[in-house]
1. Tell me which residues, restricted to the range 35-60, are assigned to a helix (DSSP H, G or I), of a type in the set (Lys, Arg) and within 15 Å of Gln16 (Cβ to Cβ).
2. Over 13 Å from Met1 (Cα atoms), within 16 Å of the chain's Cα centre (by Cα), assigned to a loop (DSSP other than H, G, I, E, B) and free of Cβ contacts under 8 Å to residues at least 60 places away in the same chain: is that true of Gly64 in this structure?
3. Considering every residue within the range 107-120, establish whether at least one is over 21 Å from Ile4 (Cβ atoms), touching a strand residue (DSSP E or B) at 6+ places or on another chain (Cβ under 8 Å) and either in contact (Cβ under 8 Å) with a residue 40 or more places away in the chain or of a type outside the set (D, E, K, R) (or both).
4. So which of Lys118, Lys81, Lys55, Lys72 is under 26 Å from Pro12 (Cβ atoms) and either surrounded by 13 or more Cβ atoms within 10 Å (Cβ to Cβ) or not aliphatic (A, V, I, L, M) (or both)?
5. On the given criteria, is Phe18 in a strand (DSSP E or B) and touching a residue at least 12 places away in the same chain (Cβ under 8 Å)?
6. Can you pull out the residues in the range 70-106 that are in a helix (DSSP H, G or I), out of contact with any His (no Cβ under 9 Å at 6 or more places or on another chain) and in contact (Cβ under 8 Å) with a residue 24 or more places away in the chain?
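Derivation of every value follows stated rules applied to the coordinates shown; laboratory data play no part. Everything numeric in this text was worked out from a predicted model, so none of it was measured. Positions of Cβ are generated from backbone atoms using ideal geometry, with glycine treated the same way; all protein chains shown enter the neighbour counts.
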Amino acid sequence: MNIIISNTSDKPIYQQLFEQISGQIIKGELPSNYSLPAIRTAAKELRISIITVKKAWEELERHGFIYTMAGKGCFVADLSKGEVTSLRNEMVNEKMEKDMEYYKELGLELNEIVDLIKKHY
């Protein structure tokens with residue numbers, strides 16, 4: 001598991017953790033039943049608050065990326081290819097909805113948004 005925390009990002013640290021770990025799960029970099037580090041261990045290694053790591057782990061579990069076994073820790077969920085695709089699409093749709101609202105507030109038309117997406121992709 002490779003995590004990079006940016007203290008200069010506008011994103012909260014728990015969100016950075018969530019996005020990086022969920023991305024690694026979606027891309028298959030973290031296999032099913034992979035054991036995530038204990039919350040205290042992750043917090044110490046990343047030099048962040050235990051509460052922050054706990055919040056990220058809770059978000060991962062709420063979205064179905066991981067599961068918890070009492071006394072044993074948190075593990076990557078055993079997801080089918082269809083479930084991974086569904087989770088990925090759900091995350092993309094959430095992000096795009098927020099982005100589209102912003103672009104509309106700026107007065108961009110659909111064709112302008114598409115052109116900008118193509119340019120940056």
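1. Lys54, Lys55
2. Yes; evaluated as a whole, the condition is true for this residue.
3. There is no residue in the range 107-120 that is over 21 Å from Ile4 (Cβ atoms), touching a strand residue (DSSP E or B) at 6+ places or on another chain (Cβ under 8 Å) and either in contact (Cβ under 8 Å) with a residue 40 or more places away in the chain or of a type outside the set (D, E, K, R) (or both).
4. Every option except Lys55 fails the conditions.
5. Spelling it out, it is not the case that Phe18 is in a strand (DSSP E or B) and touching a residue at least 12 places away in the same chain (Cβ under 8 Å).
6. The answer is Val84, Arg88.
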